[in-house]
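Report on one structure; see the data block that follows.
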Amino acid sequence: MLGKEQIKLLPETHKYLYTQYTPLRVQYRKGSRSFLEKIIVKTASKAKDDQDKVIMLMNWCVNIEKNFPTRERNAESGFYRSLDDFLWGGTEEEVIKKGSDWCGEIARVFCILNQIAGFPARIVYLYHVSEPQAHAVGEVYVESKWSLFDVLSQKYYPKKDGTIANAWELRENPSLIDEQTEASKIYYADRNFYRNICIVNYFVQDFAKYDYSWDVCNDHYRKILAEKW
């Protein structure tokens, strides 16, 4: 959906990506996506501050596969019997209802939930330096800076000043990843995913412009996911 629009994060693009690329004013028309609004109210209404609200939304997103299509018959416990039963695509509402656990789709949900909640947000793609692997995470503008949240890994990387590191800061200082002692237990919490990074805008107000068509799993991911199924 967003492959051609990605901008690689490099020293020469860093300033543009972090000062001009993503508008800091969210253009959402209240009531236009009520299903997602209800999730925000139910999930994050008791947050102590903005950063806590974003973390609560991340924690909700990581549990989508445990709670949908239903809690009794959810995606994690085998609702989909094979890769052929699961289709990629759909709007954020449909991604939630089908119980997706694909990082690209969950990053979209996280991004749009944050925008509806009033926070500028965008999608970040991480490409492993030596393996044919990629991962999608989110960046949210909160507490006056961009901060990265790896939703599926349920990870973010605090700095000594109390703020949360963004993609550029992790690229330039991967020790922030290494310092978390449990990081090696989580596949994507690996500095090798933070050398080749691309950032892309994904706007809630552009809903009508995106292609949400459904498709079967491609051969590349079918091979990767075969063991799970």
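The values are calculated or read from the model by the stated rules, or taken from the named source; none is laboratory data. Just so it is clear, the structure is predicted and the values come from calculations on it, not from any experiment. When we count neighbours, we look across all protein chains shown, and the Cβ atoms used for this are built from the backbone with ideal geometry, even at glycine.
Within the range 140-164, how many residues are under 19 Å from residue 7 (Cα atoms) and among the hydrophobic types (A, V, I, L, M, F, W, C)?
Number of matching residues: 4.
Checking residue 136 against (1) touching a residue at least 60 places away in the same chain (Cβ under 8 Å); (2) buried (at least 22 other Cβ atoms within 10 Å of the Cβ); (3) of a type in the set (Gly, Ala, Ser), only one condition comes out false. Which one?
(1)
Of the residues that make up the range 186-197, is at least one modelled with pLDDT under 95, touching a Lys or Arg at 6+ places or on another chain (Cβ under 7 Å) and surrounded by 11 or more Cβ atoms within 10 Å (Cβ to Cβ)?
yes
Listed here are the residues, each with its yes/no results for (1) touching a strand residue (DSSP E or B) at 6+ places or on another chain (Cβ under 7 Å); (2) under 21 Å from residue 222 (Cα atoms).
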position	(1), (2)
80	no, yes
89	yes, yes
95	no, yes
112	no, no
119	yes, no
124	yes, no
133	no, yes
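Looking only at the range 77-96, how many residues end up being surrounded by 14 or more Cβ atoms within 10 Å (Cβ to Cβ) and over 18 Å from residue 35 (Cβ atoms)?
The total comes to 6.
Do the conditions hold for residue 171, that is, is it in contact with a Lys or Arg (Cβ under 7 Å, 6 or more places away or on another chain) and assigned to a helix (DSSP H, G or I)? Outline the logic, then answer.
On the way: in contact with a Lys or Arg (Cβ under 7 Å, 6 or more places away or on another chain): yes; assigned to a helix (DSSP H, G or I): yes.
Answer is yes for this residue.
Would you tally the residues in the range 97-114 being over 12 Å from residue 137 (Cβ atoms) and either free of Cβ contacts under 8 Å to residues at least 12 places away in the same chain or outside any loop (DSSP other than H, G, I, E, B) (or both)?
Here is the first cut: in the range 97-114, the residues over 12 Å from residue 137 (Cβ atoms) are 97-102, 105, 109, 112-114.
Applying the additional criterion that residues be either free of Cβ contacts under 8 Å to residues at least 12 places away in the same chain or outside any loop (DSSP other than H, G, I, E, B) (or both) yields 97-98, 105, 109, 112-114.
Qualifying residue count, the range 97-114: 7.
Of a type in the set (S, T, N, Q), out of contact with any helix residue (DSSP H, G or I) (no Cβ under 8 Å at 6 or more places or on another chain) and part of a loop (DSSP other than H, G, I, E, B) - does that describe any residue in the range 180-196?
Taking the range 180-196 and keeping what is of a type in the set (S, T, N, Q), we get 180-181, 184, 192, 196.
If we keep only those that are out of contact with any helix residue (DSSP H, G or I) (no Cβ under 8 Å at 6 or more places or on another chain) as well, we get 180-181, 184, 192, 196.
This time we only want the ones that are part of a loop (DSSP other than H, G, I, E, B), so: 180-181.
The answer is yes; a qualifying residue exists.
Go through the range 40-81 and give me each residue that's more than 17 Å from the chain's Cα centre (by Cα), under 20 Å from residue 165 (Cα atoms) and in a helix (DSSP H, G or I).
Within the range 40-81, just 50 meets the criteria.
What number of residues within the range 3-59 satisfy the criterion of being touching an Asp or Glu at 6+ places or on another chain (Cβ under 9 Å) and of a type in the set (Asp, Glu)?
Counting residues in the range 3-59 that are touching an Asp or Glu at 6+ places or on another chain (Cβ under 9 Å) and of a type in the set (Asp, Glu) gives 2.
Select from the range 31-78 the residues that are among the basic types (Lys, Arg) and either at pLDDT 95 or above or in contact with a strand residue (DSSP E or B) (Cβ under 6 Å, 6 or more places away or on another chain) (or both) and list them in ascending order. It would help to see each step written out before you state the result.
Looking only at the range 31-78, we keep the residues that are among the basic types (Lys, Arg), and these are 33, 38, 42, 46, 48, 53, 66, 71, 73.
Across the range 31-78, the qualifying residues are 33, 38, 42, 48, 53, 66.
Would you mention how many residues in the range 15-31 are surrounded by fewer than 15 Cβ atoms within 10 Å (Cβ to Cβ) and in contact (Cβ under 8 Å) with a residue 24 or more places away in the chain?
Applying the first criterion (surrounded by fewer than 15 Cβ atoms within 10 Å (Cβ to Cβ)) to the range 15-31 yields 15-16, 19-21, 23-25, 27, 29-31.
When the remaining residues are screened for being in contact (Cβ under 8 Å) with a residue 24 or more places away in the chain, the result is 21, 23-25, 27, 29.
Count: 6.
Say we look at the range 140-162 and pick out the residues that are of a type in the set (Gly, Ala, Ser) and either exposed (fewer than 14 other Cβ atoms within 10 Å of the Cβ) or under 13 Å from residue 54 (Cα atoms) (or both); which of these is modelled with the lowest pLDDT?
Among those that are of a type in the set (Gly, Ala, Ser) and either exposed (fewer than 14 other Cβ atoms within 10 Å of the Cβ) or under 13 Å from residue 54 (Cα atoms) (or both), it is 162.
Of the residues 94, 12, only one is of a type in the set (Asp, Glu) and either within 22 Å of residue 167 (Cβ to Cβ) or free of Cβ contacts under 8 Å to residues at least 24 places away in the same chain (or both); which?
Answer to the selection: 12.
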